[in-house]
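A short write-up of the structure that comes next.
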Amino acid sequence: VRPDSLPADIASQAARLARAGELLKALSLLYRGALAALLHRDGVELASGDTEQDCLRKSRPRLAAAAHAYFARLLGAWQQLAYARRRLPAAEIESLCADWALHFEARA
C-alpha cells in the first residue's frame, strides 16, 4: 500500500463514504491507510500474505498502546463487516473515522 495511492485526508474521505452508506469502502480506506502508515511511517515489516492478526501482532512493538487498541478495533470492525457480513452501528464507523487521524495521520 503506497501512501500516494490514498487520498490526502483519509479520515474525512472515509467519513464521507460512511455517510453515503459505503461502509465497507470506508473501513477499507481506513485499513489501507493504517497499513500504509505502519509500513512507511513506522517501519513495520508486513508481508503480502499477512492476515489481520499478523498485522496486529507485528504492529504491537511499534505503536503506542492507544494506537494499537484503535488498530485492533478497526481490524475487528473490518472482519465483522467484510467477512462475517454483520451490520455495524453507524456510531461505531463514525467513531473509527473520527479517531483514525489521532493514531495514523502522518507525523511531521
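Worth pointing out:
- Directionally averaged shadow of the chain, computed from the convex hull of its alpha-carbon atoms, nm²: 6.4
- For the chain, the longest principal axis of the C-alpha atoms and the axis of helix 65-78 are separated by about 50°.
- Per residue, the average separation of C-alpha pairs within less than 8 Å and at least 6 apart gives the chain a relative contact order of 33 percent.
- Once the Cα atoms are used to define both axes, helix 23-36 deviates from the longest principal axis of the chain by about 10 degrees.
- Potential extension, ALA65-ARG41 segment - 0.36 nm per residue separation minus Cα distance: 7.0 nm
- Length released on extending from ASP54 to ALA8, taking residue separation times 0.36 nm less the Cα-Cα span: 13.9 nm
- Cα-based helix-to-principal-axis angle, 90-104 vs the chain, degrees rounded to 10: 20
- Averaging Cα coordinates gives a centre for region 59-103 and one for region 1-37; these two points are 12 Å apart.
Read-outs throughout are calculated quantities, based only on the coordinates presented, and are distinct from any laboratory measurement. From a predicted model like this one, the values you see are computed outputs, not experimental measurements.
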